[in-house]
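Below is one structure, written out as structure tokens; the observations come after it.
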Amino acid sequence: MARVLVTGSRSGPAREFVWAVLDQLTAEVGYAGLTLVDGACPDGTDLHTKLWCQGHRHLGVIHEPHPANWDSCAWDCPQTLHRRWKRTGDRHHPGILPDYCPTAGPRRNALLVGLGADLCLGFPVGPTSYGTRNCMRLAREAGIPVQKHEIHPRVNAPAAR
């Protein structure tokens, strides 16, 4: 049994790359009792993880999504106007309000790490991927081993570290 936190960019990496890493993971730890935990983003790494889990559910793989609550602010959010307006068609900050709290993603990342994991698989894309890198840093600080599987957009080649 293994509990693995998966974090990655909304804009990538490619499904095949994420699935190859997950296939390699199962070659090492097996399928039965494998739980993959993610932030439930509707695109990118979280979507690829969800779809991979659906395809392997019959083998005992469990998908555990934890979406951010973009509508709610935390008790320690600034009293000044810090909320951001959603762009038309924004799927990355689901909720019923026209704006969102920018601390919801980091709060969700802290929750994911706080739930515990045996391993964190990180899929940052390029120099940004701030949320992904935040989650990977929190995992390291919590003593969770982190494997970084990075895509460099200009080279368009994966680099595992």
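Computed values, structure above
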read-out: Phi-based couplings in Hz for region 86-94 (Karplus 6.51, -1.76, 1.60; Gly and Pro marked x); value: 6, 7, 4, x, 4, 9, 7, 10, x
read-out: For a label point 7 Å along the Cα-to-beta-carbon line of ARG137, residues of region 90-108 with backbone N under 15 Å; value: 103, 105-108
read-out: Spin-label model distance (nm) - ILE62 vs ASP90, 7 Å beyond Cα toward Cβ; value: 3.4
read-out: Where only alpha carbons of region 3-98 are counted, the Rg and the Dmax (Å); value: 16.2, 50
read-out: Antiparallel bridges, percent of DSSP beta bridges restricted to the chain (to nearest 5); value: 25
read-out: Residue order, fewest to most beta carbons within 10 Å, for TRP70, TRP75, TRP85, TRP19; value: TRP75, TRP85, TRP19, TRP70
read-out: Sequence-distant residues sharing a close amide H with VAL146 (under 5 Å, placed H); value: CYS120
read-out: Dipole magnitude of the chain about its Cα centre (Cβ charges: Lys, Arg +1; Asp, Glu -1), debye to nearest 20; value: 380
read-out: Degrees, to the nearest 10: 15-29 long Cα axis against longest axis of the chain; value: 50
read-out: Options SER9, TYR100, HIS82, ranked by Cα towards positive dipole end of the chain, top entry (Cβ charges); value: HIS82
read-out: Rounded to 10°, Cα long-axis angle of helix 44-56 versus longest principal axis of the chain; value: 40
read-out: Label-point separation, GLN147 to TYR31 (7 Å along Cα→Cβ), nm; value: 1.8
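Bear in mind these aren't lab numbers, they're just calculated from the coordinates by the rules spelled out. These numbers were taken from a predicted model, which means no experiment stands behind them. When we count neighbours, we look across all protein chains shown, and the Cβ atoms used for this are built from the backbone with ideal geometry, even at glycine.
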